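Every read-out reported here was derived from the displayed coordinates using simple, explicitly stated rules and does not represent laboratory data. Bear in mind the structure is a predicted one, so any value in this text is a computation, not a measurement. Neighbour counts run over all protein chains shown; Cβ positions are idealised from the backbone, glycine included.
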Amino acid sequence: MNEKKAIYPGSFDPPTNGHLDIIDRGLTVFDAIIVSVIVNPSKDALFSVKERKEMLCDIYSSNPRVEIDSFEGLLVEYASKKGANTILRGLRAVSDFEYEFQMALMNRKLNPEIKSVYLMPSPEFTFLSSSIVKEVSSLRGDVSTLVPVSVEKQLKKKLL
Ligand code: PNS
């Protein structure tokens with residue numbers, strides 16, 4: 001039987017419970033998920049790609065169905081190389097829609113074989129983003145319910 005494999009791409013700077021929610025939901029649909037951190041030198045990031053991968057590896061070390069990786073260049077080319085025909089993304093609110101729609105249609109144009117699948121997170125994460133977590137954390141706010149413990153530790157180490 002063909003394995004149903006999806007790529008879950010993103011910045012993950014840092015990974016939040018919202019990302020984990022999408023991965024966990026994705027695992028009910030797909031046999032395997034490749035969580036892949038984009039290597040984007042032009043974007044100001046708090047954590048290096050290596051650090052972001054380490055945080056994700058730490059969270060999913062005991063789950064053989066989740067692979068942690070990084071990619072550069074076109075997402076559809078990377079997905080083909082990894083043998084995945086689905087791109088998984090989370091859709092939090094209407095505000096995400098336009099950007100995600102544009103991205104999904106561009107990826108379809110680039111490679112019609114690769115489908116984009118969107119999953120909605122639990123409502124408690126619809127307001128959550130890596131940026132807001134970084135802002136709250138830098139101002140000494142409590143993010144303990146928004147990120148895994150290991151990520152909270154890394155945020156404190158970086159920001160405080
Ligand atoms: O977590 P993010 O920052 O919203 O993730 C955006 C990401 C990494 C999914 C997107 O920037 C991407 O796929 N970049 C790869 C470049 C690409 O393939 N562009 C063409 C399709 S829009």
Which lysines have a Cα less than 27 Å from the Cα of LYS115, not counting those fewer than 8 places away in the same chain? LYS4, LYS5, LYS43, LYS53, LYS81, LYS82
Can you give me the relative contact order of the range 1-63 as a percent, contacts being Cα pairs under 8 Å and 6 or more apart? 41 percent
Would you work out the charge dipole size for the chain about its Cα centre, treating the Cβ of every Lys and Arg as +1 and the Cβ of every Asp and Glu as -1, and quote it to the nearest 20 debye? 160 debye
Return SER42, SER122, SER70 ranked ascending by Cβ neighbour count within 10 Å, so the fewest neighbours appear first. SER42, SER122, SER70
Relative contact order (percent, whole number), the range 1-133, Cα cutoff 8 Å, 6+ residue spacing: 32 percent
Taking only C-alpha pairs under 8 Å that are 6+ residues apart, what is the relative contact order of the range 70-126 in percent? 43 percent
Mind jotting down a quarter of the surface of the convex hull over the alpha carbons of the range 5-126, in square nanometres, one decimal? 7.4 nm²
Where the centroid of each part is defined by its Cα atoms, how far is the range 14-56 from the range 129-160 in Å? 16 Å
Please give me, ordered by residue number, the GluC sites (Glu not before Pro) of the range 1-68 that lie in loop per DSSP and have at most 15 other Cβ atoms within 10 Å. GLU3
For the chain, with +1 on Lys and Arg beta carbons and -1 on Asp and Glu, the positive-most of LEU128, LEU110, VAL49 along the dipole: VAL49
Other-chain or far-sequence residues with amide H under 5 Å of THR86's (modelled H): ILE7, LYS115
